[in-house]
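A short worksheet on the structure shown next.
The values are calculated or read from the model by the stated rules, or taken from the named source; none is laboratory data. The model shown is predicted, which means the values in this text are computed figures rather than measured ones. Neighbour counts are summed over all protein chains in view; Cβ atoms, including those assigned to glycine, are modelled from backbone coordinates with ideal geometry. Accessible surface is based on the protein model in full, side chains and every heavy atom, while ligands, DNA and RNA are left aside. Shrake-Rupley method; radii C 1.70, N 1.55, O 1.52, S 1.80 Å.
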Amino acid sequence: MEWAPSSPILASAAADGTVYLNKIKSMDEDAGSVEMETVQTLHLSGAVESLCFVDDHTLCAYVRGTPHLSYFDLNDGCKPSKLSINSGGSSGGFEDHVSFTIMDMSPSPIGGGKFLAAATDNSRNIIFDSRTAKHVRNLYGHQNDGYSQPKIAWSSNGQYLFGNTQNENSLCVWDIASSSIVKRLGGHTGVIRDMFSSSGSDTLVTVSYDKSAKVWLNSM
């Protein structure tokens, strides 16, 4: 599930290929209740592994086994378009082939989502140009395969990326300029399962199989 950056739209997706766009209909802060309504239902070709809002009116989704990102323009009736994720790297002449699955995506906090960070199940994180899907950076040094839950998040200044690794309990920090891991932050005693970076509060939150949640100062 993903919230739009600054509008009351929540997108959710499932393995059956459906994507629901839900909008807050009413909110009662005293009662602590929120009423949602579905404003759009999309039907994709397969299991949706990841999705995110590039901006308030552009939803991006990845369907397992496909060689492209699917975009939907919310300002134009969710008009669809596709960008090949093979355009920035070698695909061996097979445009329909892809050697990885995108399991998590996050738009850059700087430049209005100009770049899109993607965590894959092939021990590889990729930074795409969100407008063209051209590969800008490939980040290695960690381990995530098809049995893992790769996650990724930006630092608030857009200069670093945070990610998990299945063979350690640490939080990996990549310097985007050099494409290298510059820190491995310890603290969890189990593999990190999810993370969220808040530019508003300048913090990073991680949750782990050790049943704990940690709040980090996002000061990189």
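Backbone amide hydrogens, once placed in the peptide plane, bring I152 within less than 5 Å of nothing, excluding anything fewer than 5 places away on its chain.
Taking all protein chains together and a probe of 1.4 Å, list Y140, Y147, Y71, Y160 from the most accessible to the least accessible. Walk me through the numbers on the way to the answer.
Values: Y140 120, Y147 215, Y71 20, Y160 50 Å².
Ranked from most to least accessible, the order is Y147, Y140, Y160, Y71.
Using only Cα atoms, locate the centre of the stretch 43-78 and the centre of the stretch 167-220, then give the distance between them in Å, rounded to an integer. Answer, in whole Å: 26.
In this structure, N138 and D175 have a Cβ-Cβ separation that, at R0 = 22 Å, corresponds to a calculated FRET efficiency of about 0.95.
The equivalent ellipsoid that matches the C-alpha gyration tensor of the chain spans semi-axes of 26, 24, 16 angstrom, in descending order. Only Cα pairs under 8 Å and 6+ residues apart enter the sum, and on that basis the relative contact order of the chain stands at 10 percent.
Within the accessible area of the chain, what % is carbon and sulfur when the probe is 1.4 Å and the other protein chains stay in place?
On the way: 5330 of 10850 Å².
Whole-percent figure for carbon plus sulfur exposure: 49.
Computed with a 1.4 Å probe over protein heavy atoms only, the accessible surface of the chain comes to 49 Å² per residue. Our summary of shape: the Cα atoms of the stretch 104-220 have principal axis extents of 38, 32, 21 Å, ordered from largest down, in whole angstrom. Expressed in Å, the radius of gyration and Dmax of the Cα atoms of the stretch 1-72 are 13.3, 47.
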